[in-house]
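Right, one structure below, let's go through it.
Read-outs: derived from the displayed coordinates by stated rules, not from any lab. Computed from a prediction, not measured in an experiment: that's the story for all the values here. Neighbour counts are summed over all protein chains in view; Cβ atoms, including those assigned to glycine, are modelled from backbone coordinates with ideal geometry.
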Amino acid sequence: MKKPISPRTHGVLDYATVVATAAAPTIFKFPEQAARLCYGIAGSYLGLSMLTDYPLSVKRAVPFKAHGATEAVLGAALPALPKALGFSDHRAARNFLFGLTALTFVVASLTDWKTTALGSRPSALG
């Protein structure tokens with residue numbers, strides 16, 4: 001079964017996530033630790049997105065599958081960060097990160113990781 005999220009669509013979702021993650025601390029008045037975390041995530045994610053081998057990149061240096069593996073690691077770490085950084089009692093910040101975790105795993109599970117940046121799928125032979 002072909003998955004519905006293409007590399008191009010995944011890129012659009014990535015850049016939208018960067019904007020939302022960078023804006024959330026101001027919109028929801030996150031405490032300093034949560035705001036710093038969000039700005040760090042947004043900046044790192046922007047860099048990864050700009051360097052991923054997909055249609056919306058600036059330079060195609062990171063293979064699309066490696067991008068997915070990086071997202072999986074980040075997604076696995078996100079739920080522990082509010083407690084580890086001392087803002088688990090701030091409901092909006094904590095829930096934003098939980099939501100970001102859910103979004104990361106839903107998008108990853110629906111992304112067609114086998115499609116190349118040019119829209120073709122590798123052959124069965126190679």
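Is the range 95-104 home to any residue that is part of a helix (DSSP H, G or I) and among the small types (Gly, Ala, Ser)?
Taking the range 95-104 first, the residues part of a helix (DSSP H, G or I) are 95-104.
Among the residues that remain, those that are also among the small types (Gly, Ala, Ser) are: 99, 102.
Looking for residues that are part of a helix (DSSP H, G or I) and among the small types (Gly, Ala, Ser), one finds at least one in the range 95-104, hence yes.
Which count do you get for residues in the range 5-37 that are assigned to a loop (DSSP other than H, G, I, E, B) and either touching a Ser or Thr at 6+ places or on another chain (Cβ under 8 Å) or under 16 Å from residue 64 (Cβ atoms) (or both)?
We begin by selecting, within the range 5-37, every residue assigned to a loop (DSSP other than H, G, I, E, B); these are 6, 28-31.
Checking which are either touching a Ser or Thr at 6+ places or on another chain (Cβ under 8 Å) or under 16 Å from residue 64 (Cβ atoms) (or both) leaves us with 6.
Of the residues in that region, 1 qualify.
What number of residues within the range 55-82 satisfy the criterion of being outside any helix (DSSP H, G or I), of a type in the set (Gly, Ala, Ser) and touching a residue at least 12 places away in the same chain (Cβ under 8 Å)? Before you say what the answer is, go through the steps one by one.
Looking only at the range 55-82, we keep the residues that are outside any helix (DSSP H, G or I), and these are 55-63.
Then drop every residue that is not of a type in the set (Gly, Ala, Ser), which leaves 57, 61.
Add one more test, that the residue is touching a residue at least 12 places away in the same chain (Cβ under 8 Å), and what stays is 57.
Of the residues in the range 55-82, 1 are outside any helix (DSSP H, G or I), of a type in the set (Gly, Ala, Ser) and touching a residue at least 12 places away in the same chain (Cβ under 8 Å).
Any chance the range 83-90 includes a residue that's assigned to a helix (DSSP H, G or I), of a type in the set (Gly, Ala, Ser) and in contact (Cβ under 8 Å) with a residue 24 or more places away in the chain?
First, the residues of the range 83-90 that are assigned to a helix (DSSP H, G or I): 83-84.
Subsequent filtering for residues that are of a type in the set (Gly, Ala, Ser) retains 84.
Now restrict to residues that are in contact (Cβ under 8 Å) with a residue 24 or more places away in the chain: none.
Looking for residues that are assigned to a helix (DSSP H, G or I), of a type in the set (Gly, Ala, Ser) and in contact (Cβ under 8 Å) with a residue 24 or more places away in the chain, one finds none in the range 83-90, hence no.
Would you check which residues across the range 18-72 are under 15 Å from residue 113 (Cβ atoms), surrounded by fewer than 18 Cβ atoms within 10 Å (Cβ to Cβ) and within 10 Å of the chain's Cα centre (by Cα) and list them?
68, 70, 72
On the given criteria, is residue 14 within 15 Å of the chain's Cα centre (by Cα), surrounded by 15 or more Cβ atoms within 10 Å (Cβ to Cβ), of a type in the set (Asp, Glu) and over 30 Å from residue 86 (Cβ atoms)?
On the way: within 15 Å of the chain's Cα centre (by Cα): yes; surrounded by 15 or more Cβ atoms within 10 Å (Cβ to Cβ): yes; of a type in the set (Asp, Glu): yes; over 30 Å from residue 86 (Cβ atoms): no.
Spelling it out, it is not the case that residue 14 is within 15 Å of the chain's Cα centre (by Cα), surrounded by 15 or more Cβ atoms within 10 Å (Cβ to Cβ), of a type in the set (Asp, Glu) and over 30 Å from residue 86 (Cβ atoms).
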